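Student: What follows is a single structure, and I will ask about it in a moment.
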Amino acid sequence: MRKMRLILIFVTAVMLILTAMSCKKTTEPDADVPAGMVFIKGGTFTMGDTRNADNEYETPHKVTLSSFYIGKYEVTQAEYSKYMQPQIEWSERFGIGNEYPAYYVCWYEAIKYCNLRSIDEGLTPCYTIKGSTNPADWGEMPTGWEDPQMPIWDGALCNWKANGYRLPTGAEWEYAARGATNTPDYLYSGSNNIGEVAWYYENSNGSSHRVGTKAANGIGIYDMSGNIKEWCWDWEDFETYGSDPQTNPTGPEWGPLRLQRGGDWEYDGVGPEYCDVIRRHGDHPQDGRFISGFRVCRTK
C-alpha cells in the first residue's frame, strides 16, 4: 500500500510539472519575437479576390512568402514622435494621444522612420538612398511634384535580408491581415462583421481611435481593417495581378502611387468593403493625410 502511495505521489508530481511547463509555454512570449510584433511563418496562400466578388484587378493567384515579423499595432504617436514629428500637428479632431496611430505620415517619412529606428536599436537599416542607409545623408524630403529630390527618394532601395524595420510588401500585408490563412476566408481582418474588428465611417464618430481597441485577427494583429490606411513598400499601378504564382513579390517596378492597404475610419464613398483585406488603395508618396499611417515589418 505504501509503495502504491509513493507511485501515485510521483505520478501526481510529474503531472503538475508538465502542466506548469505547458502553461509557461503558452503564456510566455517567444524570446525570438521582437517586442510588439507577431511572427508570421512563411507559406503559400491565395491572394486577391478569393470570394468571387468580381473585383477585376484583384485576380486570385498563389503567393509564397518567406517568414517575417509584423507589428501587432499601427505605429503609434508615441513611437513615431520618438524619432520624427508629423507634417501637421495631431489634433483632438482626428485623434491624439500616445496610443493613437500616427497619421499625417507620407511614404517618404515612413521609410525614414524605419531607418532611424533601426539605427537607434542597433539593427541593420533596410533602406538606401544616395548610397547611404543614414537618413541624414538623404537630403531634404520631397514635398511636391517639381521637387528635384523626388526622383532621388523614389529610387530608394530595400535590402530584404537586413534585420531592421521596413514597410511590409502588399503581399505580406494581405497574408498577415488574413491571419496567414485562407481558412476561414474572412472579408475583413479577423471577421466577416466589420464592426468587430474595424473603426470605419459608421462607428468611428469622425476620428481615429486608440490602437488595439477592436478585436484582433486570428494571429493577434489589430486594426488591419479600418482606423488608418497603412503604407506598404510597393508602387501601385492598379493593374491586374495576373494569375501566375509568385514568390515574395514586391510590386511593380514603378507606378504613379505608393500602395496603401486596410481602409480607414473616414471614407464613406463605397461602403464597408473599402476596409476589406483585398482592397488596394494608393497615394502620392509625398502626401501625408489625416488618414495615412503605417505599421512596421521585419525580415525573419
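The values are calculated or read from the model by the stated rules, or taken from the named source; none is laboratory data. Keep in mind that what you see is a predicted model, and the values were worked out from it rather than measured. So basically every Cβ, Gly included, is an ideal-geometry build from the backbone, and we count neighbours across all protein chains shown.
Student: Can ARG258 be described as modelled with pLDDT of 95 or more, of a type in the set (Lys, Arg) and in a strand (DSSP E or B)? Walk me through how you get there before you give the answer.
Tutor: Numbers: modelled with pLDDT of 95 or more: yes; of a type in the set (Lys, Arg): yes; in a strand (DSSP E or B): yes.
Criteria met by ARG258.
Student: Let me ask something else. Give me the residue from the range 277-300 that is under 16 Å from the mean Cα position of the chain (by Cα) and among the polar types (S, T, N, Q) and, out of that set, surrounded by the most Cβ atoms within 10 Å (Cβ to Cβ).
Tutor: Checking each candidate, the answer is SER292.
Student: So which residues in the range 62-78 are crowded, with 17+ Cβ neighbours inside 10 Å and touching a residue at least 60 places away in the same chain (Cβ under 8 Å), if there are any at all?
Tutor: Hits for the range 62-78 are VAL63, LEU65, PHE68, TYR69, ILE70, GLY71, LYS72, TYR73, GLU74, VAL75, THR76.
Student: Tell me the residue from PRO135, PRO142, PRO148, PRO86 that is farther than 25 Å from ILE228 by Cα and surrounded by 15 or more Cβ atoms within 10 Å (Cβ to Cβ), please.
Tutor: PRO135
Student: Do we have any residue at all in the range 195-214 that's farther than 22 Å from TYR100 by Cα and at pLDDT 95 or above?
Tutor: For the range 195-214, residues farther than 22 Å from TYR100 by Cα and at pLDDT 95 or above: absent.
Student: Return the residue satisfying two criteria in turn: it lies in the range 151-170 and is within 19 Å of GLY288 (Cα to Cα) and charged (D, E, K, R), and of such residues it is surrounded by the most Cβ atoms within 10 Å (Cβ to Cβ).
Tutor: ARG166
Student: Further question on the same structure: Need the failing condition index for GLU253 against (1) closer than 22 Å to THR64 by Cβ; (2) crowded, with 20+ Cβ neighbours inside 10 Å; (3) without any contact (Cβ under 8 Å) to a residue 40 or more places away in the chain, just the number.
Tutor: Just one mismatch for GLU253, condition (2).
Student: Suppose we filter the range 129-163 for residues that are part of a loop (DSSP other than H, G, I, E, B) and on the phi < 0 side of the Ramachandran plot; how many remain?
Tutor: 20
Here is a yes/no grid of residues against (1) surrounded by fewer than 24 Cβ atoms within 10 Å (Cβ to Cβ); (2) closer than 24 Å to MET37 by Cβ:
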position	(1), (2)
GLU172	no, yes
ASN182	yes, yes
TYR188	no, yes
ALA198	no, yes
GLY206	yes, no
GLY212	yes, yes
GLY218	yes, yes
LYS229	no, yes
GLU236	yes, no
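Student: Assuming GLU89 fulfils every condition listed in (1) under 28 Å from SER189 (Cα atoms); (2) charged (D, E, K, R); (3) in contact with a Phe, Trp or Tyr (Cβ under 9 Å, 6 or more places away or on another chain) apart from one, which condition is it?
Tutor: With respect to (1) under 28 Å from SER189 (Cα atoms); (2) charged (D, E, K, R); (3) in contact with a Phe, Trp or Tyr (Cβ under 9 Å, 6 or more places away or on another chain), GLU89 is out only on (1).
Student: So TYR274 fits all but one of (1) part of a loop (DSSP other than H, G, I, E, B); (2) modelled with pLDDT under 95; (3) buried (at least 20 other Cβ atoms within 10 Å of the Cβ); what number is the exception?
Tutor: Of (1) part of a loop (DSSP other than H, G, I, E, B); (2) modelled with pLDDT under 95; (3) buried (at least 20 other Cβ atoms within 10 Å of the Cβ), only one is false for TYR274: (1).
Student: On to the next question. Go through (1) assigned to a loop (DSSP other than H, G, I, E, B); (2) free of Cβ contacts under 8 Å to residues at least 40 places away in the same chain; (3) of a type outside the set (A, V, I, L, M, F, W, C) one by one and return the number of the condition GLU196 breaks.
Tutor: (1)
Student: Against the conditions (1) touching a residue at least 24 places away in the same chain (Cβ under 8 Å); (2) in contact with a strand residue (DSSP E or B) (Cβ under 7 Å, 6 or more places away or on another chain); (3) assigned to a loop (DSSP other than H, G, I, E, B), where does TRP265 fall short? Just the number, please.
Tutor: All conditions are met except number (2).
Student: Name the single residue that is nearest to GLU174 (Cα to Cα) among those in the range 58-94 being part of a loop (DSSP other than H, G, I, E, B) and among the hydrophobic types (A, V, I, L, M, F, W, C).
Tutor: By that ranking, first place goes to VAL75.
Student: Something else: Can you confirm whether TYR186 is part of a loop (DSSP other than H, G, I, E, B), in contact with an Asp or Glu (Cβ under 8 Å, 6 or more places away or on another chain) and either over 18 Å from GLU266 (Cα atoms) or not hydrophobic (A, V, I, L, M, F, W, C) (or both)?
Tutor: In short, no.
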